[in-house]
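Colleague: Before anything else, here's the structure in question.
The values are calculated or read from the model by the stated rules, or taken from the named source; none is laboratory data. It should be emphasised that the depicted structure is a prediction, and the values quoted were computed from it without experimental measurement. Note that each Cβ is placed from the backbone with ideal geometry, even for glycine, and that neighbours are counted across all protein chains shown. All accessible areas refer to the heavy atoms of the entire protein, side chains included, with ligands and DNA or RNA removed. Shrake-Rupley method; radii C 1.70, N 1.55, O 1.52, S 1.80 Å.
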Amino acid sequence: MAQPNERATHWLSQAGLRPTRQRLALANLLVGDGQHRHVTAESLFDSARDRGAAVSLATVYNTLRAFCDAGLLQEVTVDGSKSYFDTNTHDHPHFYWEDDGQLSDAPAEQLVITQLPDAPDGAEIASVDVVIRLRRRA
Ligand SMILES: [Zn+2]
């Protein structure tokens with residue numbers, strides 16, 4: 001069983017990122033337990049603070065961006081403005097819980113897309129994001 005720090009170091013190095021102390025602290029929160037998770041800059045900032053890490057929200061945000069650029073995270077945008085960062089970088093659908101603003105994975109094997117609209121002239125489809133919005137039954 002890999003130790004959290006080992007896993008985080010490996011995660012960074014496979015993307016060619018130097019394991020600075022701040023990157024390592026955030027990587028540990030993201031992948032240290034080997035589970036996939038969805039975070040916002042704010043939620044990761046809160047977790048880092050809880051663990052006593054001395055990081056600013058701006059650093060968390062910039063580090064998440066760097067992890068995205070390195071292909072370690074996938075960004076999922078909800079409502080056109082709210083960004084979630086997903087440690088699972090494979091294509092998969094999401095549930096968005098409207099009540100508490102949480103994002104979670106939806107079962108990919110149950111999703112069937114049989115046809116997409118043609119892209120307009122001079123354009124090609126870059127990606128398809130599936131976000132299924134949920135609200136709890138009253
Ligand atoms: Zn996901």
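Colleague: Let me know the volume per residue of the alpha-carbon convex hull for segment 38-101, in Å³. Present the calculation step by step, with values, prior to reporting the outcome.
Modeller: Numbers: hull volume 6.1 nm³, N = 64.
Spread over its residues, the Cα hull of segment 38-101 gives 95 Å³ apiece.
Colleague: Quick check for you: with a 1.4 Å probe and neighbouring chains kept, what is the accessible area per residue of segment 1-107, in Å²? Please report the intermediate quantities before stating the final value.
Modeller: Working: 5860 Å² over 107 residues.
Result: 55 Å² of accessible area for each residue.
Colleague: A further question follows. For Asp99 and Ala70, what does the FRET efficiency come to when R0 = 30 Å and r is the distance between their Cβ atoms, rounded to the nearest 0.05? Present the calculation step by step, with values, prior to reporting the outcome.
Modeller: On the way: r = 33 Å, r/R0 = 1.10.
FRET efficiency, Asp99 to Ala70: 0.35.
Colleague: Sticking with this structure for a sec: Report the Stokes-Einstein translational diffusion coefficient (µm² s⁻¹, integer) for segment 76-116, Rh taken as the Kirkwood radius over Cα pairs, at 10 °C with viscosity 1.306 mPa s.
Modeller: Details: Rh = 11.6 Å.
Using the Kirkwood radius from Cα pairs, D works out to 137 µm²/s.
Colleague: Would you work out what percent of the accessible area of the chain, with all protein chains in place, is carbon or sulfur (probe 1.4 Å)? Kindly include the intermediate steps, with their values, before the conclusion.
Modeller: Numbers: 4230 of 9120 Å².
Carbon and sulfur together cover 46 percent of it.
Colleague: Turning to a different aspect of this structure: What is the distance in Å between the Cα centroid of segment 105-138 and that of segment 69-97?
Modeller: Result: 13 Å between the Cα centres.
Colleague: Using a 7 Å offset from the Cα along the Cα-to-Cβ direction at both Ala138 and Lys82, what is the distance between the two label points in nm, to one decimal?
Modeller: 2.1
Colleague: Expressed as a rounded percentage, what relative contact order does the chain have, with Cα pairs under 8 Å and six or more residues apart?
Modeller: Values: 163 pairs, mean separation 25.5, N = 138.
Relative contact order here is 18 percent.
Colleague: Multiply the residue separation of Arg51 and Arg21 by 0.36 nm, subtract the distance between their alpha-carbon atoms, and state the gained length in nm to one decimal. Kindly include the intermediate steps, with their values, before the conclusion.
Modeller: Working: separation 30, 0.36 × 30 = 10.80 nm, distance 1.37 nm.
Between Arg51 and Arg21, full extension yields 9.4 nm more.
Colleague: Peptides 56-68, 40-52, 98-110: what's the order by average Cβ count within 10 Å, highest mean first? Walk me through the numbers on the way to the answer.
Modeller: Values: 56-68: 17.3, 40-52: 15.7, 98-110: 11.5.
Put in order of decreasing packing, that is 56-68, 40-52, 98-110.
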